[in-house]
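Report on the structure given below.
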Amino acid sequence: MGQRYKAGLLCWLLLLLLGWAVPPSTFADEPAPLVAAQHFLDRLDAGDYSGAWDLLDAYSRRLEESSHWWHTLSVVREAYGPLQQREPGILSERNSYFQHPDGAYVVACFRSRFAFKAAAVETVVLRLEPNGSLSVIRYVIN
């Protein structure tokens with residue numbers, strides 16, 4: 001199996017293991033979720049964990065202490081090394097997300113390669129706000 005296929009499959013398995021029934025995306029033609037997710041990832045890539053933290057919605061920031069969040073991300077990202085390549089993968093919608101109120105959520109998966117991690121899947125979960133903007137609520141890297 002090719003790495004691209006494995007990364008996509010891993011993202012789907014991650015979504016299924018978390019109990020998500022993933023419907024086909026209606027955001028496929030809309031770049032806004034990918035742009036918002038990429039903006040967040042750019043902050044992480046630059047080591048700007050404080051800036052990335054500020055992009056999280058207020059509810060998500062209340063769920064976790066910033067020092068723990070920053071520490072965990074910095075340890076993992078340092079171990080993986082600098083980003084070498086990133087490609088958008090699966091984009092899907094959800095009506096709910098673990099520990100968050102019901103609403104409109106978008107899960108954006110990226111196939112990524114780092115200096116010390118050849119195949120990683122980065123998942124950015126975004127919430128569609130009533131005003132139409134997107135807020136990051138979660139980041140997972142595998």
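Throughout, read-outs are computed from the coordinates displayed, never taken from laboratory work. The model shown is predicted, which means the values in this text are computed figures rather than measured ones. All Cβ positions, even for glycine, are placed from backbone atoms using ideal geometry, and neighbour counts span all protein chains on display.
Below, the figures for the structure above:
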{"item": "Scan of the range 45-62 for residues that are surrounded by 13 or more Cβ atoms within 10 Å (Cβ to Cβ) and out of contact with any helix residue (DSSP H, G or I) (no Cβ under 9 Å at 6 or more places or on another chain), ordered by number", "result": "Asp57, Tyr59, Ser60"}
{"item": "Some residue of the range 106-117 being out of contact with any Gly (no Cβ under 9 Å at 6 or more places or on another chain) and surrounded by fewer than 15 Cβ atoms within 10 Å (Cβ to Cβ)", "result": "no"}
{"item": "Residue in the range 77-87 that is touching a helix residue (DSSP H, G or I) at 6+ places or on another chain (Cβ under 6 Å) and either surrounded by 15 or more Cβ atoms within 10 Å (Cβ to Cβ) or of a type outside the set (Asp, Glu) (or both) present", "result": "yes"}
{"item": "Residue within the range 65-78 that is of a type in the set (Phe, Trp, Tyr), over 23 Å from Gly132 (Cα atoms), assigned to a helix (DSSP H, G or I) and without any contact (Cβ under 8 Å) to a residue 60 or more places away in the chain present", "result": "yes"}
{"item": "Every pair of residues 6+ apart whose Cβ atoms lie under 7 Å, when the first sits in the range 50-64 and is in a loop (DSSP other than H, G, I, E, B) while the second is of a type outside the set (A, V, I, L, M)", "result": "Asp57/Arg127; Asp57/Ser135"}
{"item": "Selection from the range 88-118 of residues that are among the hydroxyl-bearing types (Ser, Thr, Tyr), touching a residue at least 40 places away in the same chain (Cβ under 8 Å) and part of a loop (DSSP other than H, G, I, E, B)", "result": "none"}
